[in-house]
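This report refers to the structure that appears directly beneath it.
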Amino acid sequence: MTADTRTKIIMTAMELFWDKGYGSTSVADILSRSQIHSGSLYHFFPGKQDVLIGVLEFYRDKIDEWLLTPVWNGIDDPIERIFALLNGYRTHLVTTDFSYGCPIGSLALEIHEPDPKVRDLLAANFKNWTKAVEGCLDAAAKRLPRGLDRKALAEYVLTVMEGAVMQARTYRDVGYFDRNVKMLRQHFDMLVSQKQTETVKT
């Protein structure tokens, strides 16, 4: 049994969690789709929750490779990087006919009382996401008002994304996503304008 087998189990579980949700996915589903024997799965993961932990660790460790690098390729402006990240979710919504949203957000909503390790991993994934956005805001600090709480703004961006995804999937209408992002864009425009006013006054 190799690390490739473990990765195959994780990737299969990720797909099933997207398609069916964590609660509706059984170990038998994972075995059937992956074509891996039960002994191999249980060698790496004693139970389904251990598979979930493996999936969350994978998301946590692959945020740069899987999420950030692809959408930020060729985009240097830090504020535009934020909106490129949001547009990545929009693309997934449209190309999957609204079956794919934010996998971490979906899991966090579904698992109402996660065990501490699962909860910590969910939080770590959200933290990594907001840290990436906060890094963009730090890079754009000269264009933003003095004293702006950039961490709080990054958390707000996450909230807008999660809410926009949830509404778009519920109504099966990307317009809900677009309108939320448009309002966020206007908020950023106002912040940049506020900074320009500060600069003129000084």
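The values are calculated or read from the model by the stated rules, or taken from the named source; none is laboratory data. All values reported here derive from a predicted model rather than from experimental measurement. Neighbour counts run over all protein chains shown; Cβ positions are idealised from the backbone, glycine included. Please note that ligands, DNA and RNA were not included when accessible areas were found on the heavy atoms of the full protein model with its side chains. Shrake-Rupley method; radii C 1.70, N 1.55, O 1.52, S 1.80 Å.
Just a few scattered comments:
- Of the helices (runs of 4 or more DSSP H) lying entirely inside region 41-153, those containing at least 2 residues that are over 20 Å from S24 (Cβ atoms) and modelled with pLDDT of 95 or more span 48-61, 69-72, 78-95, 116-139.
- Exactly one residue out of V118, V181, V200 is free of Cβ contacts under 8 Å to residues at least 40 places away in the same chain and either under 22 Å from Y100 (Cβ atoms) or surrounded by fewer than 14 Cβ atoms within 10 Å (Cβ to Cβ) (or both), and it is V200.
- Checked against (1) aliphatic (A, V, I, L, M); (2) in contact with a Lys or Arg (Cβ under 8 Å, 6 or more places away or on another chain); (3) under 23 Å from Q194 (Cα atoms), A140 meets all criteria but (2).
- Flag for T91 being β-branched (V, I, T), more than 27 Å from L109 (Cβ to Cβ), surrounded by fewer than 17 Cβ atoms within 10 Å (Cβ to Cβ) and out of contact with any Lys or Arg (no Cβ under 7 Å at 6 or more places or on another chain): no
- Restricting region 121-153 to residues that are of a type in the set (G, A, S) and closer than 22 Å to V71 by Cα, the residue that is most open to solvent (accessible area, probe 1.4 Å): A139
- Qualifying positions in region 94-109 - under 13 Å from Y171 (Cα atoms), surrounded by fewer than 18 Cβ atoms within 10 Å (Cβ to Cβ) and not small (G, A, S): V94, D97
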